[in-house]
């Protein structure tokens with residue numbers, strides 16, 4: 001048992017895996033476009049992106065099922081590129097479980113050990129420890145087809161961990177499960193990672209899942225990593241407009257810069273974060289998260305003066321929605337820019353469609369981008 | 001839903017029942033006749049038989065010519081089965097997994113013997129073996145039978161390989177098995193129903209093959225259907241009915257095995 005469950009990991013920030021200028025081309029098409037990334041030892045890193053963004057191809061190259069067109073994959077400084085997948089000492093959990101249908105749960109988990117010709121006694125001991133870890137002791141003699149989806153995926157995880165690989169790859173492992181079960185398994189997975197201290201590279205298109213599980217998220221788009229960091233940083237301070245629109249919801253305002261901390265919107269001045277090298281009349285993009293903005297009726301706005309560092313834009317309510325714990329208010333400004341304001345239901349929002357409204361936000365909460373393309377602002381973009 | 005049994009008028013329903021019954025009878029009667037005749041006491045194959053006897057069976061089993069032919073048939077069929085599976089498995093892998101130009105064309109080539117008239121294949125193979133001086137050998141029988149059996153074997157294996165999720169094989173590889181080990185330990189068990197069905201098809205094709213066999217046969221080596229064919233042209237003895245009955249019995253046994261395996265396999269997959 002001690003062979004499998006190690007002491008709590010020391011926070012060792014050593015780089016375990018390095019991807020260097022990794023490319024994968026299919027003819028003229030670049031599925032993975034010059035990716036460089038360092039994965040820390042013991043970290044839980046998620047590749048997040050829509051289908052066709054290159055995240056699964058990158059994982060496949062890590063596993064060894066795809067050969068990079070060019071570039072390097074280093075583990076502890078040694079190249080993996082010419083190492084066949086069965087010698088990479090990597091564990092992998094697949095989307096469709098991919099258990100061996102003709103073997104029992106126990107034999108499925110013992111398979112990697114049998115291939116490595118481990119002595120029977122040690123094999124039994126390790127399989128027992130794994131069955132215990134994933135809480136499937138009483139199902140050891142069943143066939144995979146006799147298990148539920150969640151149980152099958154736990155067998156797959158046990159099979160991938162039993163030989164103590166350095167890295168565990170997970171390719172949308174919970175995609176086929178329903179929401180409740182998925183959340184339970186996400187919690188189990190997070191605890192497992194904490195207990196074992198193994199390096200996990202996880203692929204998903206579900207941003208909530210990525211947020212729940214990972215220490216760092218790499219956001220993929222068109223074969224490139226367009227954002228890398230903790231879920232908190234990526235959400236609060238997206239590095240670019242694409243990440244801002246891809247993660248969560250966002251309001252975009254197009255402004256004209258008037259200096260490094262001032263810009264105009266619909267002819268009126270707004271304060272923005274200090275941004276270096278802004279030219280007068282340069283186009284800049286302002287991003288405000290709906291929950292960072294406040295919607296006030298003109299009466300409320302009258303009694304509640306604008307605090308320093310805050311901005312206010314006049315608009316008209318187009319729709320209010322009650323969503324249970326939260327509520328949203330869609331507004332449109334005089335120039336036709338649509339915005340959404342989100343607030344907790346408890347705070348109240350006495351507005352209805354057609355009402356004039358003042359939208360306020362703190363300039364520190366709004367991100368400023370000087371470069372973007374229109375397609376970045378479209379949530380559906382990201383895949384090829 | 002006009003054609004569900006309950007929605008039909010009773011008249012139509014009974015009409016369909018009787019037509020189906022007649023067709024089934026039409027298919028089964030020759031078999032019933034030949035089996036009954038093999039036990040009949042008349043040596044002129046009179047129906048209905050005036051009495052019952054086992055003497056034709058006695059004659060069959062005591063005649064070395066018949067026994068040799070039966071044994072040769074069995075040998076040819078077993079060897080054909082082995083060769084068809086040995087060739088069919090790698091071919092099916094190439095046709096399903098391979099990514100190369102001309103793959104579909106190759107599939108067409110491999111299944112061509114199902115479409116080309118048997119006589120044409122027979123003449124061609126005969127001409128070739130005549131030139132090589134190999135007619136009448138076990139080799140020529142097996143090679144010619146493999147040609148016609150292979151498409152059935154390949155199609156059967158291809159079907160199960162297409163249904164097999166390749167990520168299961170990949171899982172074995174990432175667990176530490178080499179690609180070959182993964183195929184042997186994981187993929188083969190997974191596609192076994194298709195491999196077994198392909199083997200049984202090959203056996204059946206060879207077991208009752210007559211056109212090619214007539215061409216390949218020599219006085220020293222002939223299969224059961226060839227022996228029946230040549231005997232038939234000399235005299236009409238009920239021993240032919242015995243040979244037919246045995247031919248049918250083994251074929252039905254093979255079909256039965258195939259059906260049992262299929263059922264057991266389906267039972268393993270939960271709904």
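Readers should treat all values here as calculations from the given coordinates under stated rules, not as data from a laboratory. As the structure is a computational prediction, the values presented were derived from the model and not from experiment. Cβ sites come from the backbone with ideal geometry, for glycine too, and all protein chains shown count toward neighbours.
Site pair residue B:181 and residue A:303 shows an inter-label distance of 7.7 nm when each label is modelled 7 Å from Cα along Cα→Cβ.
Looking at chain A only, what percent of DSSP beta bridges run antiparallel? Nearest 5 please. Antiparallel bridges make up about 75 percent of those DSSP assigns within chain A.
Would you mind classifying region A:15-241 by shape? Square roots of the alpha carbon gyration tensor eigenvalues, ordered a ≥ b ≥ c; an a/c under 1.5 is rounded, otherwise it is prolate if a/b is larger than b/c and oblate if not. Cα axes put region A:15-241 in the prolate bin. Relative contact order for region A:249-377: what is it in percent, counting Cα pairs under 8 Å that are at least 6 residues apart? Dividing the mean separation by the residue count of region A:249-377 yields 30 percent.
If packing is taken as the mean number of other Cβ atoms within 10 Å per residue, what is the order of A:145-153, B:69-77, highest first?
B:69-77, A:145-153
Taking every C-alpha pair closer than 8 Å and separated by at least 6 residues, the mean separation divided by the residue count of chain A gives a relative contact order of 16 percent.
Which percent, to the nearest 5, of DSSP beta bridges fully inside the protein assembly as shown are antiparallel?
Working: 60 of 79 bridges.
Looking only at bridges with both residues in the protein assembly as shown, the antiparallel portion is about 75 percent.
Seen through its C-alpha gyration tensor, with square-root eigenvalues sorted a ≥ b ≥ c, chain B comes out oblate because a/c lies at 1.5 or above while a/b is not bigger than b/c. Relative to the longest principal axis of the Cα atoms of chain B, the long axis of helix B:64-97 makes an angle of roughly 20 degrees. What number in nm² do you get for chain A if you take the convex hull of its Cα atoms and divide its surface by four? That works out to 23.0 nm², a quarter of the Cα hull's surface.
Normalised by the number of residues in chain B, the mean separation of alpha-carbon contacts (under 8 Å, six or more apart) gives a relative contact order of 28 percent.
Just to be sure I follow: if Rg is taken over the C-alpha atoms of the protein assembly as shown and Rh is the Kirkwood radius over the same atoms, what is Rg/Rh?
That ratio equals 1.16.
Angle of helix A:179-196 to the longest C-alpha principal axis of chain A, folded into 0 to 90 degrees and rounded to 10: 70°.
Pairing the Cα long axis of helix A:105-115 with the longest principal axis of chain A, what angle in degrees results, from 0 to 90 and rounded to the nearest 10? Rounded to the nearest ten degrees, it is 70.
Would region B:1-97 count as rounded, prolate or oblate if I go by the C-alpha gyration tensor, calling it rounded below 1.5 in a/c and otherwise prolate when a/b exceeds b/c, oblate otherwise? Since a/c reaches 1.5 but b/c is at least a/b, the shape of region B:1-97 is classed as oblate.
Fewest neighbouring Cβ atoms within 10 Å first, the residues B:254, B:46 line up as B:46, B:254. Going from the fewest other Cβ atoms within 10 Å to the most, the residues A:216, A:126, A:154 appear in the order A:216, A:126, A:154. Peptide A:94-104 is shielded by partner chain Cβ atoms: per residue, an average of 5 of them sit within 10 Å of its Cβ. Ranked by the mean number of other Cβ atoms within 10 Å of their residues, highest first, the peptides B:15-22, B:245-252 come out as B:245-252, B:15-22. Estimated from helical segments only, the mean residue ellipticity of the protein assembly as shown at 222 nm is -14000 deg cm²/dmol, where each DSSP H run of four or more residues counts as -39500 (n - 2.57).
The order of B:257, A:73, B:28, going from fewest to most other C-beta atoms within 10 Å of their C-beta, is B:28, B:257, A:73. Averaged over peptide A:149-162, the number of partner chain Cβ atoms lying within 10 Å of each residue's Cβ comes to 1.
Peptide A:135-147 is shielded by partner chain Cβ atoms: per residue, an average of 1 of them sit within 10 Å of its Cβ.
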